[in-house]
Amino acid sequence: MSKRLEEIGSAIEKLEQLKHDPTFTEKMYAIEANFEFLNAIKTVPRYINWLLTKASKLDSAKLLELTDFPVPEWDIKMHKRLIEIERRDRPGLVKPIVDAVVDEFAKAGKDMIVADLGAGGMEVDRQVAIRSAKSSFAHKLTIVAFDKSATTREIARENLADISAEVEIVETGILTQTELESLRKKAIKKVLIIMATNDIFDLSTSFPEKYFDIVYHSLFKHHLDKREQEKFEGVILNVSKIAFEFDGYRSFFPHLLIQSAMAWSSPVFLNGTVFSMLRYKNKNDFSQNVKFFNNTAHYLHLK
Ligand SMILES: C[S@@+](CC[C@H](N)C(=O)[O-])C[C@H]1O[C@@H](n2cnc3c(N)ncnc32)[C@H](O)[C@@H]1O
């Protein structure tokens, strides 16, 4: 059996265990949708049939990606592949958000504290950090990467290894304002990265109003349901001076087809790619201050 089919089989087995776990009773719609998807991607004709007959009928509000379930193996597979793609110059997937943060730092002409919410494998932060460290900007930048997952912490640590000579990196648990300020005082290098495990929904209680010069998040918002998205917006409005939102927009043709072909060899990543697309908003659901990147079907929203 091919490695790809083995991976699909193992994902189906894990999903079967989740199906019988009462914790996930309310997520049965998403579990069933994932079963159908995993069976469909066993062959190209079955997948095309699923795309044509099932995909657009799925209820995006009830859909969850495999990585929304607490299975570390799925997180590792998805994030490692995502980092690989985010690191490539072409298509420059996260370049818009990296450019926006670095440009804002350059313009500000002062020391800054920025925060990435739901930082994952931290490739966005890695690119912001290394570009700022190598720049001629005289000021200091502190990047706080908030992510509560122990699995992504390990992935991020590995991902940041190649910039550890140029950038100061500190790992902590739940970060307080006092600890953050003490770390900034002690920092020697121009760029300091702090990895923290705070739940992002609690940030308003740990940090003063408008504390962070920039808050940004990447490829994250579509994972939240409507109520969580509203809460998330409230937290961001509260703790940030300005905010950048980076995520995808819905585009079946040609983006979903191209992305499916690129992700085909990696079933968990393919699931994230396709189900994300089904959860994204349409281009015309956005109001102002949004820039679209049609090469990858992503947008940057300045808030
Ligand atoms: C899709 S990933 C982020 C991808 C990453 N920003 C990128 O651009 O590659 C979402 C991350 O948010 C984290 N996360 C989800 N809910 C969270 C919460 N309430 N507090 C902190 N982190 C959270 C997850 O652990 C996961 O690593």
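Structure summary
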{"item": "One residue from Glu73, Glu104 being closer than 30 Å to Val170 by Cβ, of a type outside the set (Lys, Arg) and surrounded by fewer than 16 Cβ atoms within 10 Å (Cβ to Cβ)", "result": "Glu73"}
{"item": "Residue within region 156-178 that is of a type in the set (A, V, I, L, M), within 12 Å of the ligand (Cβ to nearest atom) and in contact (Cβ under 8 Å) with a residue 40 or more places away in the chain present", "result": "no"}
{"item": "Complete set of residues in region 284-295 that are under 13 Å from Arg250 (Cβ atoms) and open to solvent by less than 80 Å² (accessible area, probe 1.4 Å)", "result": "Phe286, Phe292"}
{"item": "Sole residue being more than 14 Å from the ligand (Cβ to nearest atom), within 20 Å of Val101 (Cβ to Cβ) and out of contact with any Asp or Glu (no Cβ under 7 Å at 6 or more places or on another chain), chosen from Leu256, Leu270, Leu237", "result": "Leu237"}
{"item": "Evaluation of Met78 against (1) assigned to a helix (DSSP H, G or I); (2) open to solvent by 40 Å² or more (accessible area, probe 1.4 Å); (3) in contact with a Ser or Thr (Cβ under 9 Å, 6 or more places away or on another chain) (one fails), failing number", "result": "(2)"}
{"item": "Close pairs from region 184-213: first more than 23 Å from Arg126 (Cβ to Cβ), partner more than 16 Å from the ligand (Cβ to nearest atom) and at pLDDT below 95, Cβ under 9 Å, at least 6 apart", "result": "none"}
{"item": "Any hit, region 238-258, residues being in contact with a Gly (Cβ under 8 Å, 6 or more places away or on another chain), in the same structural domain as Ala108 (by TED's automatic domain parsing) and part of a helix (DSSP H, G or I)", "result": "no"}
{"item": "Positions within region 232-263 being of a type outside the set (A, V, I, L, M) and within 15 Å of Lys303 (Cα to Cα), in sequence order", "result": "Phe232, Glu233, Gly234, Asn238, Ser240, Lys241, Phe244, Glu245, Phe246, Asp247"}
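The values are calculated or read from the model by the stated rules, or taken from the named source; none is laboratory data. Values in this document were obtained by computation on a predicted structure and should not be read as measured data. When we count neighbours, we look across all protein chains shown, and the Cβ atoms used for this are built from the backbone with ideal geometry, even at glycine. What goes into the accessible areas is simple: the full protein's heavy atoms, side chains included, and nothing from ligands, DNA or RNA. Shrake-Rupley method; radii C 1.70, N 1.55, O 1.52, S 1.80 Å.
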